[in-house]
1. Could you sort 64-72, 158-166, 111-119 so that the peptide with the highest average Cβ count within 10 Å comes first and the rest follow in order?
2. Based on the Cα coordinates of segment 50-190, what is the per residue volume of their convex hull in Å³?
Amino acid sequence: LTVAKRRAGDTAGALEIVGSDRGRAAMERIRAVAAEMSAEEQRLLTTRQRAWEDAAAASVIVQSLGALVLLLLIGGSAIVAARAHRAQEAETWLRAGTAGLSLAIQGDRRLEELGGIVIDYLARYLDAQVGAIYSVESDGTLQRVAAFAAAASAATVRPGEGLLGQAIKEGRAMQVGEVPAGYLAVQSALGQATARELLLSPAAVDGVTYAAIELGFL
């Protein structure tokens, strides 16, 4: 209206409208609407920014969890594969040792000669530094038949005596990590040492023990 009056040449009328409260109120309304629009745009911008940040954070979390799950799966597969490989290697090693021992003891031999072949083979195959093999007599006593790098000691072990007697009594192999001092000595031309770990095992057929073996490791 102010512009229309000014164009019509009614300058006084135009100035009157501008100076009146009507013009001021209109300008204030315009400013209020503009401020409200600006605030709404800012609010929408902030909302969109937060939504984008939340989406980005969620994407990072999902990707991280996915990578972690993938790593766990890869690690689990590697562990399973390694265990299977070790089991296969152990089975192959066991079969090779059994076949080698079977070949070594073929033929008719005296008990002492056979015992010497067995204890020598087992000590070398298991990388033991000392060992001995005993036969079980009719009265249950253990008679040493042969030895591998073992120092001279009692040739007879009474039933249930010592670690070897206990292994026979329980009917199972025993691994001993804390060997009593001087229990099984390693003898060589340069000196003598005591085994620090023992493997003791009865040799049984159909539940009847016929022999016993002890091996020592430094």
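Throughout, read-outs are computed from the coordinates displayed, never taken from laboratory work. These numbers were taken from a predicted model, which means no experiment stands behind them. Using ideal geometry, Cβ is built from the backbone for each residue, glycine included, and neighbour counts are taken over all protein chains shown.
1. Values: 64-72: 10.0, 158-166: 15.4, 111-119: 18.0.
Most protected by this proxy first, the peptides run 111-119, 158-166, 64-72.
2. On the way: hull volume 29.4 nm³, N = 141.
Convex hull volume per residue, Cα atoms: 209 Å³.
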